[in-house]
Amino acid sequence: MISQLNSLKEKLSSLKPPSNEKELDETRLKYLGKKGEITLLSQEMRNLSKEDKPVAGKLLGEIRNSLETVLKNSKENFKREKIEKEIESEFFDSSLPGLQPKFGTRHPITTTMDEVVDIFSGIGFQVEEGPEAETDYYNFEALNFPAEHPARDMQDTFHLRGLPLLLRTHTSPVQVRAMQKYKPPLSVIAPGKVFRCDADVTHSPMFHQLEGFTIDKAITFGDLKGTLNLFIHKLYGPATKTRFRPSFFPFTEPSAEMDVSCVICKGKGCRVCKQTGWLEILGCGMIHPNVLKASDINPDEWGGFAFGMGIERIAMLKYGIGDIRHFFENDLRFLGQF
Ligand code: DAH
């Protein structure tokens, strides 16, 4: 047995390493398979004498290890050669353009809001912000909303359960907060999110408004018209016409709604303006004396105008978007267009 092992060792030391996968498998089978030489010899170990056993065991271990090393190395060589061949045969054109990384785009509401803020900042309005969770006092009371006014209805307003707060239904409360914080003369815009329990093609439970107001001495409705006309001409172009219709808001007297000539059909009449040639764009008016009084501003000394607009509406008209829900679904195919 020992001499058998020695001659096997001799034979294996001059073994030519396998030159392909097939030879590798054959060699493994020949020596290490079920009926392989090494396997058979190790089965005979149990018949050896006590003295021969350790010598044979050591020898057998060496033989097995060196053969396994040869087989392992060959296998790795074959693998490497295969990859090298693949790389060589593949044509790599390093002059091809790279993959364009995907860049995010600004949300159309952000772009529109920034544009509106820029126009008013440019003519001296300062930007103020107020809380989204607001008190009944600032959202309604101080803005001269009578207690039974329908805007206070549970169906429009989100009330916060267990708290004396609601989600502001408009940005007008920032008027009052700013009047209490600063002394007139004062020109403020207040951009921000507002909330109403309402949802369809043109209404979203969360949307954006921009509020603005000016308080000074001898302010007239002409100041209001001049300011808003300038704004509309910057926003939709100098050819855009405007008109003011009488309206009602508790916090302004008189109140008006401003229309612009349809930005889609230029006033000829289309589906968007319902064939009227006009689009309603914002609410405005002269600040009600009660609102000034609530902020300790003497209405006999000071006067003011105010306006408020929905940013989604302005963006829908600017980009020709028919459904407000597109803004909030975050479909990249929609957002990527801006
Ligand atoms: N707060 C009003 C709304 O959400 C919009 C508005 C109308 C604001 C007239 C004003 C204004 O400042 O004068 O519908």
With criteria (1) more than 34 Å from the chain's Cα centre (by Cα); (2) more than 11 Å from the ligand (Cβ to nearest atom); (3) open to solvent by 70 Å² or more (accessible area, probe 1.4 Å), F221 comes up short on (3)
Picking from F231, F244, F221, F213, the residue that is modelled with pLDDT of 95 or more and under 24 Å from E132 (Cα atoms) would be F213
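Does region 153-179 hold any residues that are more than 16 Å from the ligand (Cβ to nearest atom), of a type in the set (A, V, I, L, M, F, W, C) and in contact with a strand residue (DSSP E or B) (Cβ under 9 Å, 6 or more places away or on another chain), and which are they?
Of everything in region 153-179, those that are more than 16 Å from the ligand (Cβ to nearest atom), of a type in the set (A, V, I, L, M, F, W, C) and in contact with a strand residue (DSSP E or B) (Cβ under 9 Å, 6 or more places away or on another chain) turn out to be L160, L163, L165.
State whether the residues of region 106-128 include one that is open to solvent by 30 Å² or more (accessible area, probe 1.4 Å), farther than 23 Å from L224 by Cβ, within 16 Å of the ligand (Cβ to nearest atom) and in contact with a helix residue (DSSP H, G or I) (Cβ under 8 Å, 6 or more places away or on another chain). If you could, list the steps in order and put the result at the bottom.
In the first step, residues of region 106-128 are kept if they are open to solvent by 30 Å² or more (accessible area, probe 1.4 Å); the result is 106-107, 110-111, 114-115, 118, 121-124, 126-127.
Filter once more, so that each one left must be farther than 23 Å from L224 by Cβ: 106-107, 110-111, 114.
Next, from what is left, pick out any that are within 16 Å of the ligand (Cβ to nearest atom): none.
Scanning region 106-128, I find no residue that is open to solvent by 30 Å² or more (accessible area, probe 1.4 Å), farther than 23 Å from L224 by Cβ, within 16 Å of the ligand (Cβ to nearest atom) and in contact with a helix residue (DSSP H, G or I) (Cβ under 8 Å, 6 or more places away or on another chain), so the answer is no.
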Open item on the list: Taking the criterion of being within 12 Å of the ligand (Cβ to nearest atom), among the β-branched types (V, I, T) and either in contact (Cβ under 8 Å) with a residue 40 or more places away in the chain or open to solvent by 10 Å² or more (accessible area, probe 1.4 Å) (or both), would at least one residue in region 196-211 satisfy it?
Closed with: no
Only one of K241, K293 is basic (K, R) and either farther than 30 Å from L167 by Cα or not assigned by TED's automatic domain parsing to the domain that holds M113 (or both), namely K241
Within region 154-180, restricting to residues that are among the charged types (D, E, K, R) and free of Cβ contacts under 8 Å to residues at least 40 places away in the same chain, the one that is surrounded by the fewest Cβ atoms within 10 Å (Cβ to Cβ) is R161
Scanning region 248-268 residue by residue, those open to solvent by 40 Å² or more (accessible area, probe 1.4 Å) and within 30 Å of F145 (Cα to Cα) turn out to be F248, F249, E253, P254
Restricting region 77-100 to residues that are of a type in the set (D, E) and open to solvent by 90 Å² or more (accessible area, probe 1.4 Å), the one farthest from L24 (Cα to Cα) turns out to be E90
Here the residues within region 296-330 that are buried (at least 19 other Cβ atoms within 10 Å of the Cβ), farther than 22 Å from F207 by Cα and of a type outside the set (A, V, I, L, M, F, W, C) are G303, G304
How many residues of region 126-153 are outside any helix (DSSP H, G or I) and more than 31 Å from the chain's Cα centre (by Cα)? The answer is 8
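Out of everything in region 129-152 that is open to solvent by 70 Å² or more (accessible area, probe 1.4 Å) and of a type in the set (D, E), what residue ends up being farthest from the ligand (Cβ to nearest atom)?
Step one: list which residues in region 129-152 are open to solvent by 70 Å² or more (accessible area, probe 1.4 Å), which gives 129, 132, 137, 141, 147-148, 150.
Now drop any that are not of a type in the set (D, E), which leaves 129, 132, 141, 148.
On the way: E129: 16, E132: 14, E141: 14, E148: 18 Å.
Within region 129-152, the match that is farthest from the ligand (Cβ to nearest atom) is E148.
The values are calculated or read from the model by the stated rules, or taken from the named source; none is laboratory data. Please read these numbers as outputs of a predicted model, since none were measured by experiment. Cβ atoms come from the backbone with ideal geometry, glycine included; neighbour counts cover every protein chain shown. Quick note on the areas: whole protein, heavy atoms, side chains included, nothing else; ligands and nucleic acids left out. Shrake-Rupley method; radii C 1.70, N 1.55, O 1.52, S 1.80 Å.
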